[in-house]
Structure formats: structure tokens, C-alpha cells
Amino acid sequence: MIAGLRRYLFPQRVRTRGELTRFVSGEASYVAQRSTYEFSRNTLAWFGQAAFGDPAFNDAFAVCRWEAFAAIAADMTLVVRSFLDGGTDLDPALVRIYADALGEYPAPVHRPQGWSDRHAALLSRFAGVASDHRPDLKTLGHRTGVLIHEHVPARSKNAEEERQVLAAAVTFGLISFNDRLPKRLDRQALLANLRVAA
């Protein structure tokens, strides 16, 4: 029990490509689940219990959660790229980390062909900015909040306010993620490991 508590309070630093994949995947999954579930629950109010018992609603919610996960993982990979500041030669390795994070699970039903379009989109985003560019987390959160809103299974009549709510949830998650990177990532070890893997 003490060992488990120690691992929780003082997690091992991320030093390898595989550890970085797991870290990004876990963080993105948490933010995607939290933001989409809380948004849907708050929008539905007392109808939420019935909705989450409806298979059709859950199918639609799964699409929303998957698309949120993919978008947030891309944002987090962009944030990691900035933190590592290893040069554009690492971009293919970082896209592979993103691809591996999405590929940890079978392709969702609504994406039988997988996520190759998202891999290409992330590489295009990398091409547009220098590796040391510090991303504007609020801008990233807003962009992703709008994207998530396109897939939400329940809406009110105020779409703009809903987008702002989702944007705020994603932005908060990205800020928290970014703030933890200096303590969680061993920058030099990761750079060396990614260059060997590249």
C-alpha cells in the first residue's frame, strides 16, 4: 500500500517513447472523458440518467468521446513538442507517438479506417510552426472545444455558450498538462530516446 501511494505521489519520470505514449494517452483520455461527460450531464440535467441508459445515446456519446480524445491528444502532443524543443527532425517520432496513443485501442465503430487523417493533420500543424514555438493554450482549447461541440450528443439552444464551456474545460486540462511537464518528463532522456527511435 505504501509503495502504491509513493508511486502515485511521486510518479516515475517519463524517459522513453513508450512511456511518453502512455502518458499522453492517459492524460488525453482523462480530459476527454471528464469534459464530454460533465458537459452532457449538465446539458441534460435530470434527463441525464435516462439518456445514459439509452444505447443510441451512448453510441453517439462514444463518437463524441473518441473525437475529443483524438483532438486533445493532438493538442497535448503539440505541447510536448514545444517543451522538448528538439527540432523539426523529431516531428515524425512525435507523430508516431500520437498514432500509437490512438492505436492503443481498436478503431472505433465510426472510424473503421482508423485515424490516418488525424496523423496527417498533426504533421501539417507541426509544419506550420517552429519546434520551440510556445502554443497559446487558450487558442488550442477554443479550437478543440468547437470541434468537440460538433459531436456532442445533447445540446441546448445556446451553441456559443456551449462551445465556450467546452473550450474552458479543454483549456484547463491543457494548462494542467503543460504545468506538469517539467516534473514528469525527463527532457534529455526523451530527446536521446526519440532520436534513436527516429
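The values are calculated or read from the model by the stated rules, or taken from the named source; none is laboratory data. Keep in mind it's a predicted model, so treat the numbers as computed, not measured. So basically every Cβ, Gly included, is an ideal-geometry build from the backbone, and we count neighbours across all protein chains shown. Surface areas here come from the heavy atoms of the whole protein model, side chains and all, with no ligands, DNA or RNA. Shrake-Rupley method; radii C 1.70, N 1.55, O 1.52, S 1.80 Å.
The figures follow:
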| item | result |
| --- | --- |
| Heavy-atom accessible surface of the chain: percent carbon and sulfur, 1.4 Å | 58 percent |
| Region 53-198 - percent relative contact order, Cα under 8 Å, separation 6 or more | 34 percent |
| FRET efficiency, ARG34 to VAL196 (Cβ-Cβ, R0 30 Å, nearest 0.05) | 0.30 |
| Residues of region 42-191: accessible area per residue with a 1.4 Å probe, Å² | 50 Å² |
| Dipole magnitude (debye, nearest 20) for the chain, charges at Cβ of Lys, Arg, Asp, Glu | 620 debye |
| Among SER131, TRP115, HIS151 - extreme Cα towards positive end, dipole of region 50-198, charges at beta-carbon | SER131 |
| Structure-based [θ]222 nm, the chain - -39500 (n - 2.57) summed over DSSP H runs of at least 4, per residue, nearest 500 | -24500 deg cm²/dmol |
| Label selected from [x] 30, 19, 17; [y] 99, 13, 12; [z] 44, 14, 11, the criterion being semi-axes √(5λ) of the Cα gyration tensor in Å as computed here | [x] |
